[in-house]
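Worksheet for the structure shown next.
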Amino acid sequence: MLQLSAEQYAALCLPDAGGFAAPLAAETRRDFPAETAGRSDADLQLEVGTSYRYAVSALRITHLPVLVRWVKADVAWARGLRDQAITAVWFNETGSPNATAADLLALLAAAPLAD
């Protein structure tokens, strides 16, 4: 019999990135029109799909509301979040990636990013 960890089961229950990217991209554009204005629908959808897959596979985010918030941040208001070295360090050190993502998003939303 196949045995799955709770994390593996949660990841399998997530929507497929291919089918979820289009509606999430549209929602991201609706919620962040200024931040997404310079990208075509196809480019935004591709970036959303890439961010979604990265968050699930590399960061191990499996709680859908946190995952949606992460993707929106990564492609809109904190663009390139997944490319920051510290992001990988934080997620490699945690046993609770969903809580780490939620904490990081709250921290970023509370303090404006300095140039």
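Given a 1.4 angstrom probe, I'd like the percentage of the accessible area of the range 11-70 that is carbon and sulfur, rounded to a whole number.
On the way: 1860 of 3050 Å².
With neighbouring chains kept in place, the figure for the range 11-70 is 61 percent.
Compute, for the chain, the length of the dipole vector about the Cα centre, with Cβ point charges of +1 (Lys, Arg) and -1 (Asp, Glu) only. Units Debye, rounded to 20. Could the numbers behind the result be given before it?
Numbers: 9 positive and 13 negative charges, 23 e Å.
The calculated dipole for the chain is roughly 120 debye.
Calculated FRET efficiency, Leu2 and Arg30, Cβ-Cβ r, R0 41 Å, to nearest 0.05?
Working: r = 39 Å, r/R0 = 0.96.
It comes out at approximately 0.55.
I need the peptides 68-75, 7-14 ranked by packing, meaning the mean over residues of other C-beta atoms within 10 angstrom, with the highest value on top. Write down the numbers at each step before the final one.
Values: 68-75: 23.8, 7-14: 12.6.
Result, highest mean Cβ count within 10 Å first: 68-75, 7-14.
Counting each DSSP H run of 4 or more residues in the chain as -39500 (n - 2.57), what helix-only mean residue ellipticity at 222 nm follows after dividing by all residues, to the nearest 500 deg cm²/dmol?
Values: 7 runs with 76 residues, N = 115.
So the helix-based figure for the chain works out to -20000 deg cm²/dmol.
On a 0 to 90° scale, report how tilted helix 17-31 is relative to the longest principal axis of the chain, with both axes built from alpha carbons and the result rounded to the nearest 10.
40 degrees
Could you tell me which of rounded, prolate or oblate describes the chain, using a ≥ b ≥ c as the square roots of the eigenvalues of the alpha-carbon gyration tensor, with rounded for a/c under 1.5 and, failing that, prolate when a/b is larger than b/c and oblate otherwise? Show your work: numbers first, answer last.
Working: a/c = 2.22, a/b = 1.27, b/c = 1.74.
Note, shape of the chain comes out oblate.
Express the accessible area of the chain per residue in Å², computed with a 1.4 Å probe while the remaining protein chains stay in the model.
Details: 6670 Å² over 115 residues.
Value returned for the chain: 58 Å² of accessible area per residue.
Lys/Arg Cβ at +1, Asp/Glu Cβ at -1, dipole of the chain taken about the Cα centre: which of Leu4, Thr94, Leu81 is farthest positive-ward?
Farthest along the dipole direction, towards plus: Leu4.
The values are calculated or read from the model by the stated rules, or taken from the named source; none is laboratory data. Remember, predicted model here, so these are calculated numbers, not experimental data. Positions of Cβ are generated from backbone atoms using ideal geometry, with glycine treated the same way; all protein chains shown enter the neighbour counts. All accessible areas refer to the heavy atoms of the entire protein, side chains included, with ligands and DNA or RNA removed. Shrake-Rupley method; radii C 1.70, N 1.55, O 1.52, S 1.80 Å.
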